[in-house]
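One structure below.
The values are calculated or read from the model by the stated rules, or taken from the named source; none is laboratory data. Please read these numbers as outputs of a predicted model, since none were measured by experiment. With ideal geometry, Cβ positions are generated from the backbone for all residues, glycine too; neighbour counts draw on all protein chains shown. Accessible surface areas use protein heavy atoms only, side chains included; no ligands, DNA or RNA. Shrake-Rupley method; radii C 1.70, N 1.55, O 1.52, S 1.80 Å.
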Amino acid sequence: MGQFNRRAEWIWRPRGLTGVGFSTSSPRLSEEANRFVYFRRVVEVADAIQSAQVHVSADGRYQLFVNGQRLGRGPARCTPAWQYVDPYDLAPYLHAGRNVIAVLAHSYGRNTSWYELPSWDHARAFGCGGFFLQGDLMTASETVRLDTGDSWRCLTSEAWQRDAPSGSLGFMEYYDARRAPDGWTHVDFDDTPWERAEILRVPGRNYAGDVVPFSALVPRDIPYLFERMHAPQAVLTCAEVVNAPDSNLAEQLTRETLQPLSRCRSSTPGVATAEIVTTDECSVCLVLDFGEVVAGYIHFDLDGPAGAVVDFTYGERLEPDGRVLMMGGIPGFDVPPVHRYILREGSQSWERFEWNGLRYLQVTFRQCLRPLRVRAIAINATGYPLQARGKFECSDELLNRLWQAGAKTLSLCMHDGYEDCPTREQRQWMDAYLESQINYAAFGDSHLIAKLLRQIAQSQRPDGLTMMAAPGDFSVASFTNIPDFCLYWILAIGAYVRYTDDTAVVDELYPSVLKAIRWFEHHLNHEDLLTDVPHWVFIDWAELDKKGQVTALNAQFVAALRAAAELARLQDDERDAARFDALAQRIADAINTRLWDEARGVYADARRDGVLSRRISQQSNAAVIAYEVAPRARWPRMFETILDERRLVLTPTGSSDPSPIAFDEEFNVVLAQPFYSHFLHRALSKAGMHREMLANIRKHWSAMLADGDSTFWEMWKKESIWSTCHAWSSTPTFDLSSEILGVTPLAPGFRRFRIAPQPVDLDWARGAFPTPHGDIQVEWQRTGERFELKVDVPPGTEAEILSPVSRDRIVEKAGSHNLIWSE
């Protein structure tokens, strides 16, 4: 990671800071909960601007403006020990004369899905909240230092209601525009009544150095997120509601039922445009459909009377009566997403400070006793800026749609981190191992996955186990953890090297890999099997037997050890490489000896006290094949059982549907959910069963598109708690590019790669697979007994080409190649 030489001071609202007491409490943290602070710095120069490079950060989140124009938001999600600073070039937005740099900063006062509170002396001295800017403005005649300090002015906002409900996604926004300073981002705004900002610096204890926030600042290592306006596709409902008591906004919206307009008036709404008049007792409710899940900032452009109220909520689905089904999130962690905007007089535009994911938006207009004109309701869509480098097309239009849906689902789950979903929680879980695989096929980005790998390493506990999600609340709460996600982190580092050829990250993370391996070694018993591993052994959202010696977890440890051995060789650590390989083989032998059920011809889910579990699953048997543990001679019997449609059972997850099922332990097999289907498909591919893989894709994923969605669901069943846009379900995109198109790296960064097309029942396929050396272009066509393959091999690479109709193996250097075989 890069280093940043700090010069400027952190600032915040004046509080009369003194020294740090010798105490474990941090009372200032709660004092700054859900607080918004405005900052301004007026700069006047005589000559044209030559340069104005600055770095910006906040403890929380910020919006940066120059002369009334918003330049950016940040910082990217991070942990306080590695606080990001964002670079900006202000020169294009400055001019000779008076200029203003303005900032809106928000402090949370609580951990969120993406934010961690500061700790140690920082928290005791300052609590949370802070803004930082460092840089110089240069003209031909002078240099002006722009650094934050007491020359900056600030105002604590009274527009946001601070005691609003909060959950994993931060605070609900209850905003009163009448209480906001109008025009505060513009240079002609009078900020003389504002206070001088306070520098966050106090003396250290017992003659130690001063206490300052964030002693280590790190330059941003990912691009800025894009923003673009996205209009709704349709107004589904324009109705009237009788106002329910408003002591709790979420309950109020839940109790208000839709009725035809009678006492209120709304012009026939276009796509989120209307003129609305309400009464004291009744309000107008619009339900908008954006056509598919989108992620962004909800945006209103209105003209209306002061005191008019706009309440809104959103979600991925509708209630039977046409209202939006509010996603409550994870019980105990989240609150219903409901927000309120109160108008000032006249024309105004406003959008939420935080982004969210949704398909449907429900907006209720209240107290519009004079006409309120809705000029626009939109989403200022935001996401990670991706290039659509990967491509796949074939003779089956369904597969084409599935590839695109997987790519779209993943793109909606990439912002300043890999998120499991943009709607429910936005956490960066280490199931992103799978998401990153899909990224390599669809986009070829390396920056966001490198950031993820570092941030999971930063979450590592002293005992070696990394956290299941980081950074954020689940990383620091110490309430549970998923050990298999630590193994995915090791596997993800190995995959990162194969797909990107960036070995510098190995230099940085290898010591953490050694610590993680040692954690698992401590849980090996005398039989060379992981036994009674603590915490939440996840494997999949399904009812596997995960007690004692868990087959899938042990197989995954074998794969992680082999990946660690390769990382060790990159470090010239032959001793550990040999040790990891030997340990992997011992565990694989133990799995094959002790977890194989010869009578049934499958691997049991687990073994406890020397007794094999009677439960069997696709997950456990896919794992031992995908991770190259099970002897090939056993595969036919295994597949005969785990692919038998009569045996497969979709089990409850134990979360949203805890009801018991009729499960015959002697006959039934647990069906893999979308997440673990990735590993089922790896197993099928290794066995050359690509026909069965395509059949599984067509059967299960097509149902999602048939239900009207353009993204993939978290689970096979569409239930209220599960997201309809979940990137871990996007494996068809990876499968079709890697297996059907047939592109696989054999050496880091695709310096050597394999092309092994699998036509199955298709007549043709074409596409591109991104690499650091350029895109690999592949096109094949089957006509009768003739198979033609065209390949563009990028410069600096070498292709090993395997014929799908013969045993030919051809090696080709860079260039365009046209190969023809006959069956």
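Counting heavy atoms of the protein chains alone, ARG498 has an accessible area of about 100 Å² for a 1.4 Å probe.
Give me the percent of the accessible area of the chain that comes from carbon and sulfur atoms, probe 1.4 Å, all protein chains in place.
Working: 14660 of 30360 Å².
Exposed carbon and sulfur together represent 48 percent of the surface.
In a fully extended conformation the segment linking TRP536 and ARG7 would gain 186.0 nm over its present Cα-Cα distance, using 0.36 nm per residue. When both the stretch 182-260 and the stretch 678-719 are represented by their alpha-carbon centers, they are found 39 Å apart. Measuring from centroid to centroid over Cα atoms, what is the spacing of the stretch 380-408 and the stretch 36-90 in Å? Cα centres, the stretch 380-408 to the stretch 36-90: 34 Å. Seen through its C-alpha gyration tensor, with square-root eigenvalues sorted a ≥ b ≥ c, the stretch 603-743 comes out oblate because a/c lies at 1.5 or above while a/b is not bigger than b/c.
Please label the shape of the stretch 168-290 as rounded, prolate or oblate, based on the square roots a ≥ b ≥ c of the eigenvalues of the alpha-carbon gyration tensor (a/c under 1.5 means rounded; beyond that, a/b larger than b/c means prolate, else oblate). Spell out each step's value before the answer.
Numbers: a/c = 2.39, a/b = 2.21, b/c = 1.08.
Prolate.
Length gained on full extension, PHE189 to ASP463, computed as 0.36 nm times the residue gap minus the Cα-Cα distance: 93.2 nm. Spacing of the modelled spin labels on ARG600 and GLU645, each 7 Å from Cα toward Cβ, amounts to 2.3 nm. Using the Cβ-Cβ distance between ALA81 and SER23 with R0 set to 30 Å, the FRET efficiency works out to roughly 0.90. What the stretch 561-638 shows is 43 Å² of accessible area per residue, with the surface traced by a 1.4 Å probe over protein heavy atoms. Dimensions of the stretch 497-648 from C-alpha coordinates, computed as largest minus smallest value along each principal axis and given longest first, are 49, 32, 28 Å.
Mind scanning LYS515/LYS718; LYS408/LYS547; LYS699/LYS790; LYS391/LYS813 and naming the pairs with a C-alpha gap bigger than 28 Å?
LYS515/LYS718; LYS408/LYS547; LYS699/LYS790
Each peptide in 237-246, 772-781 was scored by the mean count of other Cβ atoms within 10 Å over its residues; highest first, the order is 772-781, 237-246.
The relative contact order of the stretch 477-561 comes to 41 percent, based on Cα pairs under 8 Å that sit 6 or more residues apart. Each of the peptides 279-288, 227-236, 712-721 was scored by the mean count of other Cβ atoms within 10 Å over its residues; in descending order, highest first, they stand as 279-288, 712-721, 227-236. If you take the Cα centroid of the stretch 303-376 and the Cα centroid of the stretch 427-491, the two points sit 34 Å apart.
Specify whether the C-alpha gyration tensor of the stretch 280-329 places it in the rounded, prolate or oblate class, a ≥ b ≥ c being the square roots of the eigenvalues: rounded for a/c under 1.5, otherwise prolate if a/b is larger than b/c and oblate if not.
oblate
Grab the beta carbon distance between LEU705 and ARG766, set R0 = 22 Å, and tell me the FRET efficiency rounded to 0.05. Can you show the working numbers first?
Values: r = 22 Å, r/R0 = 0.99.
With a Förster radius of 22 Å, E is 0.50.
Between THR257 and LEU398, the simple spin-label model (points 7 angstrom out along Cα→Cβ) gives 4.1 nm. Site pair GLN571 and LEU802 shows an inter-label distance of 3.2 nm when each label is modelled 7 Å from Cα along Cα→Cβ. Using a probe of 1.4 angstrom and keeping all protein chains present, the accessible surface of the stretch 658-729 works out to 33 square angstrom per residue.
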